[in-house]
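Visitor: What follows is a single structure, and I will ask about it in a moment.
The values are calculated or read from the model by the stated rules, or taken from the named source; none is laboratory data. Since the model is a prediction, treat every value here as computed from it, not as a measurement. Every residue, glycine among them, receives a Cβ derived from its backbone with ideal geometry; neighbour counts consider all protein chains shown. Only protein heavy atoms, including side chains, enter the accessible area calculation; ligands, DNA and RNA are left aside. Shrake-Rupley method; radii C 1.70, N 1.55, O 1.52, S 1.80 Å.
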Amino acid sequence: MAGRRVTTTLAAPPARRLAAVAPAFRQIGDLKRVRVAHADGSAAERAFVRAWAALAAGADPATVAARECAAAVAGARLAGVDAATLIACGLSAPQAETVLAQAVAELADALHPDTVGRLRDALPALVTDRTLAGGVPPFVSALCRQPRAGATAPGRPRLMVEPAENHAEHCWAVAVYAALLADDVGADPGPAFLLGLAHHLHNARLPDAGFAGELLLGAHLDPIVDGLTEAELATLPAPLAVRVRAALAGRADADTPLGAAFHAADVLDRVLQAHHHARAAAFTVDQALGDLELVHDGPVAGYHRTVLRAAGL
């Protein structure tokens with residue numbers, strides 16, 4: 001569900017910054033659709049689980065935010081080739097860190113300089129920290145299973161798009177985007193990341209009916225959201241529950257730095273997801289052959305083109 005109405009903000013990131021980050025966020029968001037043979041779920045879903053495992057084990061939210069944002073920005077260019085894969089393929093720790101740094105550098109111009117510095121500082125931990133993720137609270141797996149409703153409107157038929165993203169993927173994206181925007185609005189990246197990660201706790205139990213469903217719930221919506229959120233917070237270690245509850249208070253409006261970062265991240269992810277489905281529906285073979293150079297230069301490129309011409313493709 002989209003959540004409660006908020007007031008208009010005067011603290012939004014500057015327009016030039018939003019224009020700069022949107023293409024980068026589009027690439028990061030594609031990790032919702034990146035999968036690998038050696039693990040279940042999308043890269044985004046697995047990052048969501050990994051983040052909650054670290055937080056539940058007592059990790060500092062700012063540290064988790066920096067690591068996951070660094071992994072996400074590198075993943076925008078490397079897809080499923082993450083730090084663990086690089087090490088497993090025989091690269092040394094310095095070699096793996098160099099590859100990750102090169103990937104981060106490709107998107108660095110879109111981000112605030114302080115944000116880029118924080119990402120670079122987090123790269124060594126991505127390479128050296130091979131600790132297996134611990135347990136996670138039950139809501140984490142529930143959000144991995146709970147589909148998003150997508151765009152809905154009162155009085156209109158539901159628009160179904162497949163495959164639907166799940167709430168874990170959306171929450172991960174909002175967490176990453178909010179932390180990456182934090183320096184642009186003077187917010188603390190740790191709470192911004194935590195708020196994005198936790199803002200759909202209620203959907204671990206409540207199926208997503210979209211904005212149209214929210215309006216039908218009417219005055220029941222807020223008590224339901226509050227009650228279900230508190231039930232999930234009760235499954236967290238007490239110190240973490242306190243921090244999550246404090247972060248969630250930041251979604252009440254968009255007039256604070258935390259609220260501005262979160263609500264900018266939330267709306268960007270929802271609309272970028274719609275853009276993804278539109279691009280997928282409009283994709284043509286000509287784009288693959290021309291813009292993306294599906295047949296790329298190489299020793300057999302001429303032969304490939306001859307085969308395709310002969311086949312009428």
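Visitor: Using a probe radius of 1.4 Å on heavy atoms only, what accessible surface per residue do you get for the range 77-147? Whole Å² is fine. Mind showing how you got there, number by number?
Guide: Numbers: 3750 Å² over 71 residues.
On a per-residue basis, the range 77-147 sits at 53 Å².
Visitor: Sorting check: for 171-183, 82-94, which peptide has the highest mean count of neighbouring beta carbons within 10 Å, and how do the rest follow?
Guide: Working: 171-183: 29.7, 82-94: 15.1.
By packing density, highest mean first, the sequence is 171-183, 82-94.
Visitor: Let me ask you something else. Along the range 64-81, what does the Karplus equation 6.51 cos²θ - 1.76 cosθ + 1.60 (θ = phi - 60°) give for ³J(HN,Hα), rounded to whole Hz, x for Gly and Pro?
Guide: Once rounded to whole Hz, the list reads 4, 4, 4, 5, 5, 5, 4, 5, 5, 5, 5, x, 4, 9, 9, 6, x, 7.
Visitor: On C-alpha positions alone, give me the angle between the axis of helix 93-107 and the longest principal axis of the chain, in degrees, nearest 10.
Guide: The answer is roughly 80 degrees.
Visitor: Below 8 Å between Cα atoms, with a sequence gap of 6+, how large is the relative contact order for the range 118-228 in percent?
Guide: Details: 103 pairs, mean separation 31.2, N = 111.
The value is 28 percent.
Visitor: A follow-up question, please. Of the heavy-atom accessible surface of the chain (probe 1.4 angstrom), what whole percent is carbon and sulfur?
Guide: On the way: 9310 of 15460 Å².
Of all accessible area on the chain, carbon and sulfur atoms account for 60 percent.
Visitor: Same structure, new question: Determine, for each peptide in 53-62, 264-273, the mean count of other beta carbons within 10 angstrom over its residues, then list the peptides with the highest first. Don't skip to the answer; put the middle values down first.
Guide: Working: 53-62: 17.7, 264-273: 20.7.
Descending mean neighbour count gives 264-273, 53-62.
Visitor: Another question, then. For the range 236-283 and the range 70-101, what is the separation of their Cα centres, given in Å?
Guide: Their Cα centres are 27 Å away from one another.
Visitor: Here is a follow-up. Taking 7 Å along the Cα-to-C-beta vector as the label spot, tell me the A311-A164 distance in nanometres, rounded to one decimal.
Guide: 3.6
Visitor: Nearest 10 degrees is fine. How inclined is helix 113-128 to the longest principal axis of the chain, computing both from alpha carbons?
Guide: 80
Visitor: Calculated FRET efficiency, L215 and A57, Cβ-Cβ r, R0 51 Å, to nearest 0.05?
Guide: Values: r = 40 Å, r/R0 = 0.77.
Given R0 = 51 Å and the Cβ-Cβ separation, E is 0.80.
Visitor: Around V116, under 14 Å between beta carbons, what's the net of Lys plus Arg minus Asp minus Glu among the other residues? Display every interim value, and only then the final one.
Guide: Working: positive: R17, R118, R120; negative: E106, D109, D114, D121, D183, D184.
Result for the local shell: -3.
Visitor: How would you rank 141-148, 221-228, highest first, on the average number of other Cβ atoms within 10 Å across their residues? Walk me through the numbers before you get to the answer.
Guide: Details: 141-148: 17.9, 221-228: 14.2.
Highest mean packing first, the order is 141-148, 221-228.
Visitor: Now, a different point. Can you compute the modelled spin-label distance between A153 and A231, with each label point 7 Å from Cα toward Cβ, in nm?
Guide: According to this spin-label approximation, the distance is 3.3 nm.
Visitor: May I ask you to give the solvent-accessible area per residue for the range 204-303, in square angstrom, as obtained with a 1.4 angstrom probe? Write down the numbers at each step before the final one.
Guide: Details: 5640 Å² over 100 residues.
Ligands and nucleic acids excluded, the result is 56 Å² per residue.
Visitor: Can you tell me the length gained on complete extension of the stretch D129 to A301, counting 0.36 nm per residue apart and subtracting the Cα distance?
Guide: Numbers: separation 172, 0.36 × 172 = 61.92 nm, distance 4.16 nm.
Difference between extended and current length: 57.8 nm.
Visitor: Report, in degrees rounded to the nearest 10, the 0 to 90 angle that the Cα long axis of helix 257-282 makes with the longest principal axis of the chain.
Guide: 40
Visitor: Need the full-extension length gain, T284 to L91, defined as separation in residues times 0.36 nm minus the C-alpha distance. One decimal, nm. If you can, show how the numbers build up before the last one.
Guide: On the way: separation 193, 0.36 × 193 = 69.48 nm, distance 3.73 nm.
Length gained between T284 and L91: 65.8 nm.
Visitor: With each label point set 7 Å from Cα along the Cα-Cβ vector, what nm distance links V242 and R26?
Guide: Going by the 7 Å Cα→Cβ label model, 4.4 nm.
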